[in-house]
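Peer 1: Below are the C-alpha cells for one structure; questions will follow.
Throughout, read-outs are computed from the coordinates displayed, never taken from laboratory work. Not measured: the values here are computed from a predicted model. Virtual Cβ from ideal backbone geometry, glycine too; neighbours counted across all protein chains shown.
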C-alpha cells in the first residue's frame, strides 16, 4: 500500500487533517498511526460523555511507544478553533489555557497528534468542585487476580458508606474505582474523603493494601492512590489507548466482568473493543451519584475511629 502523507476527515461540521497514517506506533503488533486515529474516531461518541467540559492534560508519544513521551498541558497556538480552551487560572494576568474536547473532531485531532487524554475530576462550571473521585489500585508485584480481589473489597467498603464504585481497567496494571458526586463539595473535602477511605481500608487489611507513596517501601501490596483527587490532578480518560505494546485501553467494565477469571488489566485493546461494545454496549450506562456525601463522611469517621480503637 502506498504511503499516505496527509488526508482530510470530515467529522461533524469540522475537517481534521490526518498525517503520516502509515507510521508504526506499536512495533511488535504493527499498529499504525492510521489505525490509532481510526480507533479514536470510532470511540469518540463514547469517550465524549466522559471528557466533555473538562480540562485535559495530553500525554503524547508522536514517534511511537519506543520514542520520546511527554506531557503537554497548555494549548499550543496552532490548535484549531474547534478544540476549545479553558483558562484554569482566570485570576492570573496571563491566561493558562488547557484544551477541552467538546466535539468528536477534537478527539480525532488529538489522536492525530498521538495523544492520550487525561481528565480533571471537575468540569469548567466550577473547577474547584469535582463531580467524580477516583482510587487507583496499583499492584506492586502482585497478580491481577489480587488486584480484582482488592477492587471488590474497596467496593464493599464504599457500599458501607452509601457510595457506588464503578471499576475501570487502566490498560496498564491496575484498576480505577470511580465514584460520581454532585459538584457541590470543594476539592479539599473530596480529597480528604478519598484519603480517609484509602487509610481505612489499609488499616483493615494491612497485608494487602498500602498508602505508602514511596515505591521502594510498599512491599508486595496494592497501593491505593488517592492523589488524583488533588486540585488540577488528572486520571486517564475512559477509552483512552495506552502507550503499551498492543494498544490496550482504559476500559470501563462491570462488577460481573471483575468476577471473570479471564479478565486482565489489558484485556481490551483498540483492535478488539468494538466486539465488546457491539455485544454489550456501554458498561457505565446508568451512573448513580452519591446522594449524601455528608452522611458518608460521618459513617467514614465512625469506622476510622473504631479502627483506631481496635488497632
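Peer 1: Compute the acute angle (0 to 90°) between the alpha-carbon long axis of helix 33-51 and the principal axis of greatest extent of the alpha-carbon atoms of the chain; round to the nearest 10°.
Peer 2: For helix 33-51, the angle is close to 50 degrees.
Peer 1: Still on this structure, I have one more. Could you give the semi-axes, largest first, of the ellipsoid that matches the range 113-190, computed as the square roots of 5 times the alpha carbon gyration tensor eigenvalues and rounded to whole Å?
Peer 2: Equivalent-ellipsoid dimensions as semi-axes: 24, 19, 8 Å.
Peer 1: Compute the acute angle (0 to 90°) between the alpha-carbon long axis of helix 293-310 and the principal axis of greatest extent of the alpha-carbon atoms of the chain; round to the nearest 10°.
Peer 2: On a 0 to 90 degree scale, this one is about 50.
Peer 1: Evaluate Rg over Rh across the range 1-120, taking Cα atoms for both radii and Kirkwood's formula for Rh.
Peer 2: 0.98
Peer 1: What is the log10 of I(q)/I(0) for the range 1-54, computed with the Debye formula using one identical point scatterer on each Cα and no solvent, at q = 0.17 Å⁻¹?
Peer 2: Treating every Cα as an identical point scatterer, log10 I(q)/I(0) equals -0.65.
Peer 1: Hey, any idea what Rg/Rh is for the range 45-201, computing Rh the Kirkwood way over Cα pairs?
Peer 2: 1.00
Peer 1: What number, rounded to the nearest 500 deg cm²/dmol, is the helix-based mean residue ellipticity at 222 nm of the chain, given -39500 (n - 2.57) per DSSP H run of at least four residues and division by all its residues?
Peer 2: -9500 deg cm²/dmol
Peer 1: What is the fewest-to-most order of 82, 239, 223 by other Cβ atoms lying within 10 Å of their Cβ?
Peer 2: With the fewest neighbours first, 82, 239, 223 line up as 82, 223, 239.
Peer 1: Rounded to the nearest angstrom and ordered from largest down, what semi-axes does the equivalent ellipsoid of the range 20-80 get from its C-alpha gyration tensor (root of 5λ)?
Peer 2: Semi-axis lengths for the range 20-80 are 22, 17, 11 Å.
Peer 1: State the three equivalent ellipsoid semi-axes of the range 156-204, derived from the C-alpha gyration tensor as the square roots of 5 times its eigenvalues, in descending order and whole Å.
Peer 2: 19, 15, 12
Peer 1: Give me Rg/Rg_expected for the range 134-290, where Rg uses Cα atoms only and Rg_expected = 2.2 N^0.38 Å with N residues. All intermediate terms of the calculation are to be shown ahead of the outcome.
Peer 2: Details: Rg = 15.2 Å, N = 157, 2.2 N^0.38 = 15.0 Å.
In units of the globular-protein estimate, the range 134-290 measures up at 1.01.
Peer 1: Using only Cα atoms, find the angle between the long axis of helix 187-204 and the longest principal axis of the chain, and express it within 0 to 90 degrees, rounded to the nearest 10.
Peer 2: 60 degrees
Peer 1: Taking the Cβ of each residue in 282, 244 as the centre, tally the other Cβ atoms inside 10 Å and list the residues starting with the fewest. Each step should come with its number before you reach the end.
Peer 2: Values: 282 13, 244 16.
Ascending number of Cβ neighbours within 10 Å: 282, 244.
Peer 1: Hey, how much of the P(r) for the chain falls beyond 36 Å, as a percent of Cα pairs?
Peer 2: Looking at the chain, the distances longer than 36 Å represent 19 percent of pairs.
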